[in-house]
Amino acid sequence: MRLSPLALAAALTLSSTAFAQQAPAVSEPVLRGHLAFLADDLFEGRGTGQRGGELAVRYLETQAAIIGLTQIPGGGYRQKVDIRGTRLLPGSAVSFQAGGKRFAPEIGKGIVFGTASGRSSVAFDAPLLFVGYGVSAPEEKWDDYKDVDVKGKILVMMVNDPQPTAQEPNRFAGKAYTWYGRWLYKFEEAVRKGAAGALLIHTLPSSSYPWSVPANGFSHERFHLAGAGNPVEGWLHEDTARELFAAAGFNLEQLRAQAESRDFRPVDLKIATHVELKSGIRQVEQFNVVGLVPGTDPKLKEQAVVYSSHWDHMGMDEEASAGKKDRIYNGAIDNASGTAALLAMAAEAVKKPARRTQVFLWPAAEEQGLLGSAAYVKNPVVPLAKTAADLNLDSLNFVGKTRDIGVPGAERSTLYDTAATVAKTMGLKLAPTIPDLSGAYFRADHFNFAKAGVPAFNVGSAVFSGDGHFEFAHQHGPSSEKMVGFKKDYHQVTDEYRADWDLSGMVQQAQFTLNLGYAVANAPSMPAWKKGDTFGSVKR
């Protein structure tokens with residue numbers, strides 16, 4: 001019987017599952033020690049562009065040397081990430097002229113905005129153009145731009161994807177979120193189209209989080225990788241958009257309905273916009289930390305498996321009043337847990353190298369938009385074409401062992417079959433695959449690898465719930481209450497290390513990831529995307 005190339009790759013991968021047991025055992029005391037130290041107040045929340053972030057990098061590179069990880073080409077363990085910090089200054093405004101009326105929405109309540117251009121002063125006038133969902137998806141035969149020249153125009157668009165219909169229940173993955181629905185895609189597409197800017201219309205159902213999320217995000221310093229960005233970008237509150245559109249003679253609900261059709265064409269809203277931004281700009285040099293365990297096979301050592309986990313968190317709130325009791329966002333679970341787990345895994349991996357090279361990657365600035373992993377993908381230590389997979393860890397299980405393990409996104413590739421076999425050898429089963437209703441797959445560092453064509457997913461217990469926090473869907477028994485209780489600590493100063501945590505589940509999660517990495521690193525062939533998956537052909 002002849003097998004297709006994909007089936008053959010899966011069969012060869014599965015035939016190598018005996019290698020899964022070769023991964024050495026992850027040490028709980030080692031993991032706990034790193035976790036407690038990285039989450040300490042001493043590290044000031046490991047913030048991007050802050051002293052605590054530099055301390056974290058220094059600690060990680062020191063530990064990499066102690067462990068015995070091989071340095072990256074050029075020497076050392078640091079990979080530079082050039083980031084631009086932008087803070088909106090007083091006096092900035094975006095105003096509109098519609099139907100003979102002037103509108104100046106209140107910043108933070110009716111509108112939020114900033115620049116990603118890197119310019120300290122931005123001032124221009126531009127018309128508003130409604131582009132529906134702002135999606136250009138050839139595989140879906142969908143184009144909201146219809147060859148319209150958007151240069152010099154500010155694009156207004158909806159968040160999320162075109163919704164499924166009775167005739168097409170699976171378009172844009174049905175009710176699940178796709179990459180096209182994410183705000184980051186929409187801002188990036190505006191840049192690619194050469195627009196003057198982009199404003200997203202916020203609703204709770206479409207974005208899956210309240211208005212306070214973008215409002216808070218734009219009220220602080222924002223970070224981008226160095227390079228071109230939108231002169232102005234931001235969000236309109238739904239009420240602001242409705243009032244503004246009505247003044248220009250348009251009905252927001254009617255435009256939304258039109259945008260659900262493939263026949264939709266951009267709509268000139270007949271609204272003039274005046275933009276005047278003053279921003280404080282600073283160049284921030286951050287670092288990914290990268291160490292290698294070289295492979296043992298003369299040929300396969302040129303290929304690699306990447307384990308990743310971001311070291312950064314929210315840092316110290318430098319604008320809070322001096323009398324505030326706690327200004328440090330320690331980020332114990334998010335993500336000192338993953339950072340520590342990777343250190344514990346690396347300490348074992350150097351004792352027993354696999355056939356392929358193993359890359360241990362601690363990306364910077366994940367909390368600022370997955371910036372460190374994006375920089376790595378642009379300049380990988382091992383070429384992406386020779387990178388078998390990225391296995392990411394973010395916010396690990398702190399309440400005890402589980403009976404199953406979450407692998408959301410693994411079903412996109414043959415990694416799922418390998419993960420199922422590895423889980424079985426550990427007495428586990430894979431947690432059920434559920435629709436990704438809030439775009440969780442696109443919110444962690446593995447996604448930059450997937451977007452560049454490398455099979456990748458986030459291993460673990462946590463998935464994002466609709467309000468932007470975490471829920472732990474596959475926990476069982478009393479421990480589940482503790483896991484769900486973490487919602488109140490997510491991105492808060494209360495995400496602190498506790499000495500009474502049962503880390504057996506965290507060790508289990510780390511061990512599964514290492515076992516899976518060894519199975520992939522020792523397999524005769526590299527994993528392959530499932531036929532038709534969006535990211536199987538994406539290389540950008």
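No value in this document is a laboratory result; all are computed from the given coordinates. From a predicted model like this one, the values you see are computed outputs, not experimental measurements. Here the Cβ is made from the backbone with ideal geometry for all residues, glycine too, and neighbour counts use every protein chain on show.
What number in nm² do you get for region 262-314 if you take the convex hull of its Cα atoms and divide its surface by four?
That works out to 10.8 nm².
Could you tell me the extents of the chain's C-alpha atoms along the three principal axes, largest first, rounded to whole Å?
Principal extents (Cα only, largest first): 73, 67, 50 Å.
Can you find, among G33, Y59, A104, the residue farthest towards the positive end of the dipole of the chain? Put +1 on the C-beta of Lys and Arg, -1 on that of Asp and Glu.
My answer, from the dipole projection, is Y59.
Go ahead and estimate [θ] at 222 nm for the chain from helices alone: -39,500 (n - 2.57) per DSSP H run with n ≥ 4, summed, over the residue count, rounded to 500.
-8000 deg cm²/dmol
Given a cut-off of 21 Å, name the pairs among K80/K378; K301/K352; K193/K531; K378/K531; K175/K487; K101/K146 whose C-alpha atoms lie farther apart than that in the structure shown.
Beyond 21 Å between Cα atoms: K193/K531; K378/K531; K175/K487; K101/K146.
Rg and Dmax in Å for region 86-281, alpha carbons only: what are they?
Rg, Dmax (Cα atoms, Å): 16.0, 50.
Find, to one decimal place in angstroms, the Kirkwood hydrodynamic radius of region 176-325, where the mean of 1/r is taken over every pair of different Cα atoms and then inverted.
The Cα-based Kirkwood calculation yields 20.0 Å.
From largest to smallest, what semi-axes in whole angstrom does region 356-401 give when each is the square root of 5 times an eigenvalue of its alpha carbon gyration tensor?
23, 16, 7
Mean 1/r over all different Cα pairs, inverted: what Kirkwood radius does region 27-92 give, in Å?
After inverting the pairwise mean of 1/r, the radius is 14.3 Å.
For Cα pairs less than 8 Å apart in space and 6+ apart in sequence, what is the mean separation divided by the residue count of region 86-281, i.e. the relative contact order in percent?
Answer for region 86-281 is 42 percent.
Could you tell me what percent of the DSSP beta bridges with both partners in the chain are antiparallel, to the nearest 5?
60
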